[in-house]
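Colleague: Quick one: structure below, then a few questions.
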Amino acid sequence: MAPQFDRLSHIAVDWGTSSFRLWALDAQGNVLAERRSAQGLAAASSEGFETTLEAHLAALAVPDGVPVMMCGMVGSRSGWVEAAYVDTPATLDGLVAQAVQVPSTRRRIRILPGLAQRDPARPDVMRGEETQLLALASAGVTGPACLPGTHSKWVRMQRGEVEHFATFMTGELFQLLRAQSVVAPAVAGAVESDPAGTAFALGVGEGLSAPETVSHALFRLRAAWLLTGAEPADTLSRLSGLLIGAELAGAARLFGTLDGVALVASGPLARAYRAALSIAGVGNVAFFDAENCVRAGLHAAAITTFRLERNAP
């Protein structure tokens, strides 16, 4: 269904390593139409970034001239055009001001840059999640924020400024351990973890209380399967809980109290982290839907950028 052109303001695109999400938005950020595909970085690199984008726009009958604001790996060194990292501490307004222009004869296209932490003691990078932080800043969020994912991000924000952040490879470790480690046979056949179950809670508790022994606890998952016939579903839930619990322990060490954390997540990740934070006794958790946040952040960046350009002499 084509967008209502009398209301269409701009296009927002979240373009990652393995996925493509596009929204046609009006000036208030309401979704008029959307497109989704698995045409992430690798697929788009072979098909052509502009070809891929314009094919999606054509499917919605979006005319030339409608501007596009993008974020994610499309702005990486191997993406369409590199949007160089902005160093922290960084204001999110400044991040928007450094959106990179993509050459195009059909429309204005911008890519938001990521963030880099160049402290030699704590080097770190993020690309894509900073767009969700734009939405948190608009909501007046200060203090810690947790953005779970393949690489979970923990961020300290104050008055629209990102002070520092830390990445935890929790999601990637979970996938590697369940598929390619000695733990894999113990979870074979299990579809997903159950954050409401006892096994998950036990894992979170152990990861929280003794993160330094997590590798030992991981091997015990295999031993329990071999010696006691532990169920794969329970083992998978305990594996998830262990890793998330250790992440929370690490975040508390780096950021201090986690009370009042803004949790930005969707789907199973949202359920798992909400449960883990509750088990950890973290109070006043503010929940934000991850997809809504990335779309709201892109919308805010588009309104600021394209309105300024329209008003420029």
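The values are calculated or read from the model by the stated rules, or taken from the named source; none is laboratory data. Computed from a predicted structure; not experimentally measured. Neighbour counts run over all protein chains shown; Cβ positions are idealised from the backbone, glycine included.
Colleague: With ARG178, ARG220 as the choices, which residue is among the basic types (Lys, Arg), more than 28 Å from ARG127 (Cα to Cα) and in a helix (DSSP H, G or I)?
Modeller: ARG220
Colleague: Right, GLU247: surrounded by fewer than 19 Cβ atoms within 10 Å (Cβ to Cβ) and either of a type in the set (Asp, Glu) or outside any helix (DSSP H, G or I) (or both) or not?
Modeller: So GLU247 does not fit the description; no.
Colleague: Within segment 121-168, restricting attention to residues that are polar (S, T, N, Q) and in contact with a strand residue (DSSP E or B) (Cβ under 9 Å, 6 or more places away or on another chain), which residue is farthest from GLY267 (Cα to Cα)?
Modeller: Among residues in segment 121-168 that are polar (S, T, N, Q) and in contact with a strand residue (DSSP E or B) (Cβ under 9 Å, 6 or more places away or on another chain), the one farthest from GLY267 (Cα to Cα) is GLN158.
Colleague: While we're looking at this one, here's another question. Based on what the data block shows, is ALA137 surrounded by 15 or more Cβ atoms within 10 Å (Cβ to Cβ), small (Gly, Ala, Ser) and at pLDDT below 95?
Modeller: yes
Yes or no, residue by residue, for (1) outside any loop (DSSP other than H, G, I, E, B); (2) in contact with a Cys (Cβ under 9 Å, 6 or more places away or on another chain); (3) touching a residue at least 24 places away in the same chain (Cβ under 8 Å); (4) under 25 Å from ALA139 (Cβ atoms):
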{"position": "ALA33", "(1), (2), (3), (4)": "yes, no, yes, no"}
{"position": "THR51", "(1), (2), (3), (4)": "yes, no, no, no"}
{"position": "ALA61", "(1), (2), (3), (4)": "no, no, yes, no"}
{"position": "ASP64", "(1), (2), (3), (4)": "no, no, yes, no"}
{"position": "MET70", "(1), (2), (3), (4)": "yes, no, yes, yes"}
{"position": "VAL74", "(1), (2), (3), (4)": "yes, no, yes, no"}
{"position": "ARG77", "(1), (2), (3), (4)": "no, no, no, no"}
{"position": "TRP80", "(1), (2), (3), (4)": "no, no, yes, no"}
{"position": "ALA84", "(1), (2), (3), (4)": "no, no, yes, no"}
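Colleague: Quick check on segment 254-269: of everything there that is in contact (Cβ under 8 Å) with a residue 24 or more places away in the chain and assigned to a helix (DSSP H, G or I), which residue is surrounded by the most Cβ atoms within 10 Å (Cβ to Cβ)?
Modeller: Filtering segment 254-269 for residues that are in contact (Cβ under 8 Å) with a residue 24 or more places away in the chain and assigned to a helix (DSSP H, G or I), the one surrounded by the most Cβ atoms within 10 Å (Cβ to Cβ) comes out as LEU269.
Colleague: Then there is this: Are any residues in segment 86-101 in a helix (DSSP H, G or I) and surrounded by 18 or more Cβ atoms within 10 Å (Cβ to Cβ), and if so, which ones?
Modeller: The answer is LEU92, LEU95, VAL96.
Colleague: Additional query: Condition first: buried (at least 18 other Cβ atoms within 10 Å of the Cβ), within 21 Å of THR150 (Cα to Cα) and over 17 Å from the mean Cα position of the chain (by Cα). Can you find one or more residues in segment 290-312 that meet it?
Modeller: Checked against the condition, which is being buried (at least 18 other Cβ atoms within 10 Å of the Cβ), within 21 Å of THR150 (Cα to Cα) and over 17 Å from the mean Cα position of the chain (by Cα), segment 290-312 yields no hits at all.
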